[in-house]
Amino acid sequence: MPTIHQTTTVDLVRTVPRHSRPLGLSLVALGVGSAVLALVGPLVGGALRYHVSAGATSQVVGGDVAGLLLVAPVSIAAGVLVLRGRLLGAALGTGPAAYGLYTWFQLATTGDPARYPGTASSFFPLLETLFVLAAWVLVRCWQELSRARPLPPASVVADRVTGVFLLVVASFLVLGLHLPGLLALAQGRATPELTADPGVFWVVKLMDLLLVVPLLLVAGTSLVRHPGREGPLRYAVTGWSTMLGAAVAGMAVVMTTRGDPGGSMAMTAAFSTFAVVAAVVTVQALGPLRDVPLAPEVPGRVGTKASGPVRPAV
């Protein structure tokens with residue numbers, strides 16, 4: 001009588017190229033870690049309390065919602081895809097990794113213990129571990145994507161839509177989010193955010209204006225001007241935008257539910273729409289990679305092409 005072979009986790013890992021197994025398992029670990037951080041934080045357990053104001057805590061709760069409902073499952077799904085030998089997993093994994101670097105660095109380095117009680121210092125090893133893991137995952141995903149080039153291109157229209165979206169996000173971060181606060185500060189008026197959480201205020205400004213916005217501008221401009229050129233950066237910035245959009249939408253929901261003066265149904269609807277649009281843009285960027293296998297490792301040629309001229313890509 002014929003038997004049906006059931007694929008086990010061990011069988012699955014054994015079928016994957018050896019060099020990609022650590023990446024797949026690390027993506028799964030990153031997802032589990034993101035879920036654990038959300039579960040012990042102010043969203044659920046409350047064991048982890050950050051040294052920030054009530055307003056900043058609402059932002060943290062929004063991030064925990066995104067971490068639990070989006071970052072964790074996407075990261076685990078990406079890890080499973082890598083363990084199945086699919087390049088889509090490496091592209092999908094850049095989003096949670098980039099978002100983790102952005103978010104966990106802020107959570108680990110900001111806060112004011114002298115003003116706000118909390119327990120964040122006890123959880124610093126967890127935040128530090130997740131940050132380092134996210135950095136390693138992002139580098140390895142980038143290497144896998146670079147090794148597989150040339151990647152199947154998306155359509156010209158899809159690339160240009162993605163590029164325009166990234167330019168809009170960059171413009172919003174500069175003009176809509178950060179410029180008003182900086183202008184008020186230049187006029188000698190401290191904003192409520194600066195007064196309540198100066199560390200958070202400046203770290204977010206520095207990261208967004210000196211790192212995030214330039215990357216969004218580079219990726220967006222390249223996709224608009226040169227559609228069809230492949231590259232890992234597009235997956236990282238679109239995935240990051242989706243995670244951030246979900247976190248901000250979660251923050252808006254929390255603030256509205258708690259009756260926070262800064263919350264409103266209009267803000268909730270606007271940020272929720274942004275999160276949905278970001279997700280659609282990310283899906284269309286990832287679509288062409290659906291059936292692409294991971295490239296085999298070539299000793300001494302990690303991240304290089306076998307032949308052809310080198311050209312800029314995003």
- Query: Kirkwood hydrodynamic radius (Cα pairs, Å) of segment 58-101?
  - Reply: 10.7
- Can you give the accessible area of Val28, probe radius 1.4 Å, in Å² rounded to 10? 40
- Query: With each label point set 7 Å from Cα along the Cα-Cβ vector, what nm distance links Ala184 and Thr257?
  - Reply: 2.6
- Query: Hey, what number do you get for the chain at 222 nm if only DSSP H runs of n ≥ 4 count, each worth -39500 (n - 2.57), divided across all residues, to the nearest 500?
  - Reply: -20500 deg cm²/dmol
- Message: For Arg86, what residues show an amide H to amide H distance below 5 Å, using hydrogens built from the backbone and excluding near sequence neighbours?
- Response: Leu294
- What residues qualify as long-range amide H neighbours of Arg49, i.e. H under 5 Å apart, gap of 5 or more or another chain, H built at 1.01 Å from N? Thr119, Ala120
- Query: Once the principal axes of the Cα atoms of segment 177-283 are found, what is the range along each, listed largest first in whole angstroms?
  - Reply: 45, 32, 19
- Given H placed 1.01 Å from N in the peptide plane, which residues other than close sequence neighbours of Gly231 have an amide H under 5 Å from its amide H? Val314
- Message: For a Förster distance of 35 Å, can you work out the FRET efficiency between the beta-carbons of Arg115 and Arg290, rounded to the nearest 0.05?
- Response: 0.10
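Tell me the Kirkwood hydrodynamic radius of the chain in angstroms, computed as one over the mean inverse distance between distinct C-alpha pairs.
20.5
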- For Val164 and Ala54 in one chain, what is 0.36 nm times their gap in residues minus the Cα-Cα distance, to one decimal in nm? 36.1 nm
- Message: Counting heavy atoms of the protein chains only and a 1.4 Å probe, report the per residue accessible area for segment 153-299 as a whole number of Å².
- Response: 48
- Query: Can you pull the accessible area of Phe172 for me, 1.4 Å probe, Å² to the nearest 10?
  - Reply: 100
- Theoretical FRET efficiency, 1/(1+(r/R0)^6), r = Cβ-Cβ of Ser122 and Arg149, R0 51 Å, to 0.05: 0.70
- Query: With all pairs of different alpha carbon atoms counted, what Kirkwood hydrodynamic radius in Å does segment 227-297 show?
  - Reply: 13.9
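The values are calculated or read from the model by the stated rules, or taken from the named source; none is laboratory data. Since the structure is predicted, the reported quantities are computational estimates derived from the model, not experimental observations. Neighbour counts are summed over all protein chains in view; Cβ atoms, including those assigned to glycine, are modelled from backbone coordinates with ideal geometry. These accessible areas exclude ligands, DNA and RNA; they are computed on the full protein's heavy atoms, side chains included. Shrake-Rupley method; radii C 1.70, N 1.55, O 1.52, S 1.80 Å.
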